[in-house]
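One structure below.
Just so you know, all these numbers are worked out from the coordinates, no wet-lab data involved. Since the model is a prediction, treat every value here as computed from it, not as a measurement. A quick note on method: Cβ atoms are made from the backbone with ideal geometry, for glycine too, and the neighbour counts reach across all protein chains shown.
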Amino acid sequence: MKPLIVIPVYNEEEYIQEVIRKVQRFSVDDILVIDDGSGDNSKEILRNIKGIRLLEHSSNQGYGFVLMEGFAYALERGYEVVLTMDCDDQHEPHLIPKFLEKIRDADIVSGSRYINPVPMELPPPETRKEINREITRIINQITSFGLTDTFCGFKAYKVEALKKLSLDEKGYGFPLQLWIQAYASGLSILEIPVGLIYKNYNRSFGAELDDSKVRLKHYKEIIKKELSRIQLPISAI
């Protein structure tokens, strides 16, 4: 299976070189890095890294937009698998071979930080855990997936399966649309354990979404909108 690794980047100058070095160590596959309008030195650093394919945005388009761009890139160029991972040093590249092995048996392989969590020196922010827990509960009530981690960005996808989806959510609510459409399309899902690692407590979700109550409400609205669009009941919310 021909894989493409897609790495979204937004203001990751602190971690980007080391993360990509590790990815290249554990993978000989094509690596597509998409800089989503970084305002720090990420672009300059990326331009000097050999062995990657680089796309740049002049302004921030959103996390979901970047992933959809990566999917389209893979589809247009004949890749069979897309593996996505973040560039903030919270996803461990040594797990890449495991994702590529497991994707043979599922349409989507998703990392979970909560299957076998190991106590970390810096635990995840409590509000993020609470939102993840509540949204995961809702998604599981809608679907039959039995997920433990709705928001982990460390995933592998079969490109053929992605063709069945009509994704257009550009922001951090992208995974919610993904799960609902995957369920409606009959895709098979497999979760595998990944490390519970948090290094950036100052991450911004953008303007008012930094308020956890507003963010939770926003995520629920995305779910309601998607359920309405594919004509599924919204009683779970």
| task | Give the cross-link partners of LYS164 among the lysines, using a straight C-alpha distance below 27 Å as the criterion and excluding same-chain residues fewer than 8 apart. | result | LYS2, LYS98, LYS102, LYS155, LYS220, LYS224, LYS225
| task | Collect residues whose amide H, placed 1.01 Å from N in the peptide plane, falls under 5 Å from the amide H of TYR172; neighbours closer than 5 in sequence don't count. | result | TYR63, GLY64
| said: Compute a Gaussian network model of the chain, connecting alpha carbons closer than 10 Å, and tell me which residue from THR136, THR148, THR127 fluctuates the most. | reply: THR127
| Going by a ≥ b ≥ c, the root eigenvalues of the Cα gyration tensor, does the chain fall in the rounded group (a/c under 1.5), the prolate group (a/b larger than b/c) or the oblate group? | rounded
| task | List, in order, the whole-Hz ³J(HN,Hα) value for each residue of segment 29-39 obtained from phi through the Karplus relation with A = 6.51, B = -1.76, C = 1.60 and θ = phi - 60°; use x for Gly and Pro. | result | 7, 5, 10, 9, 10, 10, 8, 9, x, 4, x
| task | Assuming a ≥ b ≥ c are the square roots of the Cα gyration tensor eigenvalues, decide whether segment 81-183 counts as rounded (a/c under 1.5), prolate (otherwise, with a/b larger than b/c) or oblate. | result | oblate
| request: Multiply the residue gap between ASP211 and LYS2 by 0.36 nm, knock off their C-alpha separation, and tell me the result in nm, one decimal place. | output: 71.2 nm
| said: Using the basic label-point model (7 angstrom from Cα toward the beta carbon), what is the LYS22 to LYS225 distance in nanometres? | reply: 3.4 nm
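Size of the dipole of the chain about the Cα centre, Lys and Arg at +1 and Asp and Glu at -1 on the beta carbon, nothing else charged, in debye to 20?
Taking the Cα centre of the chain as origin, the dipole is about 620 debye.
Tell me what the chain gives for mean residue ellipticity at 222 nm when only DSSP H runs of n ≥ 4 count, each as -39,500 (n - 2.57), the sum divided by the residue total, rounded to 500 deg cm²/dmol.
One gets -11000 deg cm²/dmol as the mean residue ellipticity at 222 nm.
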| query | Which pairs, out of LYS22/LYS129; LYS129/LYS213; LYS170/LYS217, put more than 22 Å between their alpha-carbon atoms? | reply | LYS22/LYS129
| task | Quick one: grab the alpha carbon gyration tensor of segment 1-94, order the square roots of its eigenvalues as a ≥ b ≥ c, and give me rounded if a/c is under 1.5, else prolate or oblate depending on whether a/b is larger than b/c. | result | oblate
| request: Counting other beta carbons within 10 Å of each Cβ, put TYR79, TYR219, TYR157, TYR114 in order, fewest first. | output: TYR114, TYR79, TYR219, TYR157
